[in-house]
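Engineer: Have a look at the structure that comes next, please.
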Amino acid sequence: MNQLNHNHPTIDLFNQAPCGFLSMDHEGKIVAVNNSLLNWLDYNREEMLALPSFVHILTLGSRILFESTLIPKLRLQEEVAEVSMEMWKKNGEKMPILVNASMIKDETTGKSVYWFSILDITKRKTFERELNAAKKEAEEKARQLELKNKELERFAHVISHDLKGPLNTISGLLNILDIRDPSKSQRNDQILELVFGSTQKMKQMVDGLLSYYLLDQKDLAIQPVDLQLLCNQAVCLLNSDIQKSNGKIGVDKLPVVQGIEGQLLSLFLNLFSNALKYRSKADPEIQVKAKLERDWVRIEVQDNGLGFEPDQSNKVFGFMERLPQHSKLEGTGLGLANCQRIVERHGGKIWATSEKGKGSCFYFTLPLPVSAI
Amino acid sequence: MQPAIQKKYNIKYQDSGKPVLVFAHGYGCDQSMWRFVAPAFEEKYDVLLFDYVGSGNSDIKEYNPSKYNTLYAYAEDVLEIITYLNKSEVIFVGHSVSAIIGILAAKMQPQFFQNLVLVSPSPYFINDGAYKGGFSKEDIEEIITTVEDNFIGWTSFVTPVIVGNKERMEFASELEKSFCSMDPVAARQFAKITFSSDHREDLAGIDVPCLIIQCQFDQLAPIEVGDFMHEKLTSSQLVVIEEWGHCPHLTSPGKVIASIDQFLQAHQ
């Protein structure tokens, strides 16, 4: 409990004001300090006045700020307001403080004296940190929203152009269909086959879009998945395509990872069918390798296909983005965008390297189960 | 001097044909930190004052974080200023990190520098074996946090929102733009490279005559660092000022003026 000295209200105010007061001489030594600050920091007056300098009780970052900005400002403008710093309590705890300071020239000695008023802002600091965290979170959300908007714009564009193409073909073909004339049945069959082809193309695109958006589902089970089995399963599913293109898929030893089985299967299917589709003149050869890196595995899928220019390596993962040189080959521009989403949902990264005409290599990382680390 | 360059670095300079004395401020401040020293040289020299991009009243639009990620970028800026002066050489006075920026600039284009005056220099703030830089590696993160608290903390970003309207915001920023103002992004990055870059190796092979001004009791650049600089810079002279702190040009401008003047007279 503070004791009042009724004869010296000014001294009482100095010592027991609800803020810290401290003065420092031109050599940085503390020359006076009030009781409030001593109590906050748990020092007695003799101990504090015996300290080599005021900066002694400042934390390191504050010490640098003090020397590099606060002192220059004080020398230049004689007062400084609301500088946020931290002080050491005697027990080693940090105390966040807000400092106002002024510099007074002692006319008798010609030396300067510095006065500081100090507020304990422990609570305010907590709010400030929360505010900062909320701001960062809001910025991140805004960034995601912007990405989503761009995706939607692209989506609308693709719907209006890419789906309209086969739709126009269908309506044109149906216009010239004449089912009343039996002599035209062969021609009609050809037309219907073309119509069927166009609807297939549209179906493929709609399926692709659907699976892309289904990736956002949150309740899928994450569990240990044997990549070796999964990769072999993908090879079996693509068997007829592999046979047709006279291709080969080699798979090295792959580990068990932590993930969503259906999505990882789709990842391999996408990468393999791309490698088969964007093939060069040589028979497709695909090699899958794995490299363990601490708690992650890095998978490599190397092919000997068409490849792409090194500066297109980010573009290949773009949503509904297709490389100009591939425009003649069928595709929705969703395959690799899907792959990227799958890998990112697993917390990993995906990237590709390539040289045009020399094949490409896709890399991605997946988390290992905790027990394997 | 081209107006664009003048605006970029907020250059204060009048060419009257005298030798040129360039004053470069240290971290956390701006050209105003030379106000007790620079005027003393105006009679004999054409004094040039400037703010680094991101500090003081420089043109913040020129601040590109991917460019300013090493001190070399700042050294190139110093060279750009000197190139536009169209003078054969200058005397460069740099405080703290600017002393090192001056060394790097002199390493790239030694012919531009007649002399270097290094006030409270430190080539590396972190302790490394026998080298006593003053700080540990872990300390650097804390430094960055404190910088963030002061330049990016509530004081700089919450207030304008509460104050609200744009006019008043401009008024507020006018008030804040006193001495030693810094752009928050630049302040963070400049702090990071200032306190974590190691330029000890760059001291070798500097032939430009240098004056090192060291305070006896400096918490940021301890006296051992001054000795290290003096040892590595073979054509250097070391002056130790009996003074506390890191900014002798602010706390003892008279002594700093006398040391620089004496050194320059001897090297005329």
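Each value in this text was obtained by applying a stated rule to the coordinates, not by laboratory testing. Worth saying up front: this structure is predicted, and the values here are computed from it rather than measured. Cβ sites come from the backbone with ideal geometry, for glycine too, and all protein chains shown count toward neighbours.
Engineer: Using the per-residue mean of other Cβ atoms lying within 10 Å as a proxy for protection, in what order, highest first, do the peptides B:125-133, A:345-353 fall?
Structural biologist: Working: B:125-133: 14.7, A:345-353: 17.4.
Ranking the peptides B:125-133, A:345-353 by packing returns A:345-353, B:125-133.
Engineer: Turning to a different aspect of this structure: Direction-averaged shadow area of the convex hull around the Cα atoms of the protein assembly as shown, nm²?
Structural biologist: 43.5 nm²
Engineer: Can you give the FRET efficiency for A:Thr199 and A:Gln243, using 1/(1 + (r/R0)^6), R0 = 30 Å, r = Cβ-Cβ distance, to the nearest 0.05?
Structural biologist: Details: r = 26 Å, r/R0 = 0.88.
Efficiency, rounded to the nearest 0.05: 0.70.
Engineer: May I pose another question? Using only the alpha-carbon atoms, what does the stretch A:106-265 span along each of its principal axes? Please give whole angstrom values in decreasing order.
Structural biologist: Projected onto the principal axes, the Cα atoms of the stretch A:106-265 cover 120, 47, 32 Å.
Engineer: Here's a follow-up. Cut-off 10 angstrom, C-alpha nodes, Gaussian network model of chain A. Which of A:Val301, A:Val33, A:Val343 fluctuates the most?
Structural biologist: Of A:Val301, A:Val33, A:Val343, the Gaussian network model singles out A:Val33 as fluctuating most.
Engineer: For chain A, what does -39500 (n - 2.57) per DSSP helix run (n ≥ 4), summed and divided by total residues, give at 222 nm, in deg cm²/dmol to the nearest 500?
Structural biologist: -13500 deg cm²/dmol
Engineer: Mind checking B:32-38 for the average number of partner chain beta-carbons within 10 Å of each residue's beta-carbon? Display every interim value, and only then the final one.
Structural biologist: Values: counts 4, 4, 0, 2, 2, 0, 0.
Other-chain Cβ atoms within 10 Å of each residue's Cβ, averaged: 2.
Engineer: Which whole-number value in Å³ per residue fits the convex hull of the alpha carbons of the stretch A:87-164? Mind dumping the intermediate values first?
Structural biologist: On the way: hull volume 13.2 nm³, N = 78.
That works out to 169 Å³ per residue.
Engineer: Using only the C-alpha atoms of the stretch B:190-255, find the volume of their convex hull and express it per residue in Å³.
Structural biologist: Once divided by residue count, the hull of the stretch B:190-255 is 102 Å³.
Engineer: Considering every residue in B:140-149, what mean count of other chain Cβ atoms within 10 Å of its Cβ is obtained?
Structural biologist: On the way: counts 3, 2, 8, 8, 1, 3, 13, 5, 3, 12.
That works out to 6 on average.
Engineer: Right, next: How shielded is A:80-92 by partner chains, expressed as the average number of their Cβ atoms within 10 Å of its Cβ atoms?
Structural biologist: 2
Engineer: Let me ask something additional. Where is the GNM fluctuation largest for chain A (alpha-carbon springs, 10 angstrom cutoff): A:Asp226, A:Asp283, A:Asp12?
Structural biologist: Highest fluctuation among the options: A:Asp12.
Engineer: In whole angstrom, and with the biggest value first, how far do the Cα coordinates of chain B range along each principal axis?
Structural biologist: 57, 48, 34
Engineer: Contact order normalised by length for chain A, with contacts defined as Cα pairs under 8 Å and 6 or more residues apart; what percent is it?
Structural biologist: In percent, rounded to a whole number, it is 10.
Engineer: Separate question: Evaluate the Kirkwood expression for the hydrodynamic radius of the stretch A:8-122, namely the inverse of the mean inverse distance over all pairs of different C-alpha atoms, and round to one decimal in Å.
Structural biologist: About 14.3 Å, per the Kirkwood formula over Cα pairs.
Engineer: Using 0.36 nm per residue of separation minus the Cα-Cα distance, give me the extension gain between A:Lys135 and A:Lys89 in nm, one decimal. If you can, show how the numbers build up before the last one.
Structural biologist: Working: separation 46, 0.36 × 46 = 16.56 nm, distance 3.05 nm.
Once the chain is fully extended between A:Lys135 and A:Lys89, it gains 13.5 nm.
Engineer: Something else: Straight-line reach from A:Lys289: which lysines fall under 26 Å, measuring Cα to Cα and dropping same-chain residues less than 8 apart?
Structural biologist: Within the straight-line cut-off, A:Lys289 pairs with A:Lys244, A:Lys248, A:Lys253, A:Lys277, A:Lys281, A:Lys315, A:Lys349, A:Lys356, A:Lys358.
Engineer: When the convex hull of the Cα atoms of the stretch A:141-191 is projected onto a plane and the area is averaged over all directions, what value comes out in nm²? Show your work: numbers first, answer last.
Structural biologist: Numbers: hull surface 17.3 nm².
If I average the Cα hull's projected area over directions, I get 4.3 nm².
Engineer: I would also like to ask the following. Taking the number of other C-beta atoms within 10 Å as the exposure measure, put B:Val78, A:Val206, A:Val99, A:Val251 in order starting with the fewest.
Structural biologist: On the way: B:Val78 27, A:Val206 13, A:Val99 23, A:Val251 18.
The order, fewest Cβ neighbours first, is A:Val206, A:Val251, A:Val99, B:Val78.
Engineer: Extending each Cα 7 Å along its Cβ direction at B:Asn86 and A:Lys123, get the distance between those two points in nm, one decimal.
Structural biologist: Here the answer is 6.5 nm between the modelled labels.
Engineer: Can you list the lysines whose alpha carbon sits under 20 Å from that of A:Lys89, skipping same-chain ones fewer than 8 residues off?
Structural biologist: Within the straight-line cut-off, A:Lys89 pairs with A:Lys29, A:Lys123, A:Lys125.
Engineer: Here's something else I'd like to know. Say each of B:Ala258 and B:Ala204 gets a label point 7 Å from the Cα, pointing the same way as Cα to Cβ; how far apart are those two points in nm?
Structural biologist: 3.8 nm
Engineer: With 10 Å bins from zero, work out the P(r) of the stretch B:35-102 over every alpha carbon pair and list the percent per bin.
Structural biologist: Each 10 Å bin holds this share of Cα pairs: 17, 49, 29, 4, 0.
Engineer: Next question. Considering the Cα trace of the stretch A:223-372, what is its radius of gyration and what is Dmax, both in angstroms?
Structural biologist: 14.6, 47
Engineer: FRET efficiency for B:Val185 and A:Lys111, Cβ-Cβ distance as r, R0 = 35 Å, nearest 0.05?
Structural biologist: Step by step, r from the Cβ atoms, then E = 0.35.
Engineer: Follow-up. Given contacts defined as C-alpha pairs under 8 Å and at least six residues apart, what's the relative contact order of chain B, whole-number percent?
Structural biologist: 21 percent
Engineer: Percent of Cα-Cα pairs per 10 Å bin, from 0 to the last occupied bin, for chain A, please list those.
Structural biologist: Cα pair-distance distribution for chain A, in percent: 4, 16, 18, 12, 9, 11, 12, 9, 5, 2, 1, 0, 0.
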